[in-house]
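The values are calculated or read from the model by the stated rules, or taken from the named source; none is laboratory data. Just so it is clear, the structure is predicted and the values come from calculations on it, not from any experiment. Virtual Cβ from ideal backbone geometry, glycine too; neighbours counted across all protein chains shown. Just so you know, the surface numbers come from the protein's heavy atoms only, side chains and all, with ligands and any DNA or RNA stripped out. Shrake-Rupley method; radii C 1.70, N 1.55, O 1.52, S 1.80 Å.
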Amino acid sequence: MKRPGNVYRWYLVWGLSGPLLFLNFWVLGQLFVYFEQVITILTSAAIFALLLSYPTHWLEKRHVGRVPAILLVLTTVVAGITLLGFTVIPLVFDQATQLLNLLPQWLDSATQQLSWLQQIALRHRLNLNLNQIVGQFEQLAQTIVSSLPGLAIGTLGRVFDFVLILVLTLYMLLYGQQMWQGLIDLLPSRFGQAFNQSLQFNVRQFFISQFLLALFMLVGLIPIFVLLQVKFALLFALIIGLFELIPFIGATLGILLVTLLTLIQGFWPALWVGLASVVLQQVRDN
């Protein structure tokens, strides 16, 4: 039988553990917000290095030295990104700029439609309150218009971040294995090696599979959207492809967003875009 003092002690421990855990999570959240950009850059460089380690190891198996293999892979990647930067990326940026310029018009049209629905609901004495949604649409339109001038500055900042990510990726490819092995050595020997192999295999397979799924959706949707005469075909296919990188619900969210944005061209183009994207998603899943 437990003594009353021990019972009170357990109540005290469990009573204080909740607030302490909440406080710790709050502190970690604040630290993440403060160092968000640094954490994002380091995480992106680590993922980039992990993906590039595959072609690097492939070249090493073909009797290419590690340093020349890393330099060859990085040079190929930079050349490919530079080629995209002079061909595809300007088209995407131009379509994105046109879409952002049209968004306030689309939001204004959507606001008018909601106001019309509200009037019909009042006329038929239906209990619908769309005024709040109308206000949110107007606020969203104002926010988008006010954020347009900052796009150029943000683009320059992303270029600097990308250069920094490339530098960190090179460093991680050169010395990341030694750093990781040093962390693994801190674990018990019977768990360290198994944990190392399992984690590397699962993380690599996860990112490789998500990348291939995103590439499938991107390459498959571009000709479909062109045949459907979608105005921002390349941009919309890229949006769905990027959302595909998010597990489970990413593609669905991307398709929903693109379908809503296609309403700029009308109801029927948006319907066909949504149906075609869902069909291709089902083909990919099956």
Worksheet item: Hey, any idea what Rg/Rh is for the stretch 199-286, computing Rh the Kirkwood way over Cα pairs?
Response: 1.02
Item to complete: Could you look at the stretch 235-276 and say what percent of its accessible area is carbon and sulfur, using a 1.4 Å probe and all protein chains?
Response: 87
Worksheet item: Which trypsin sites (Lys or Arg not before Pro) does the stretch 51-111 hold that lie in a coil by DSSP with at most 14 other beta carbons within 10 Å?
Response: R62
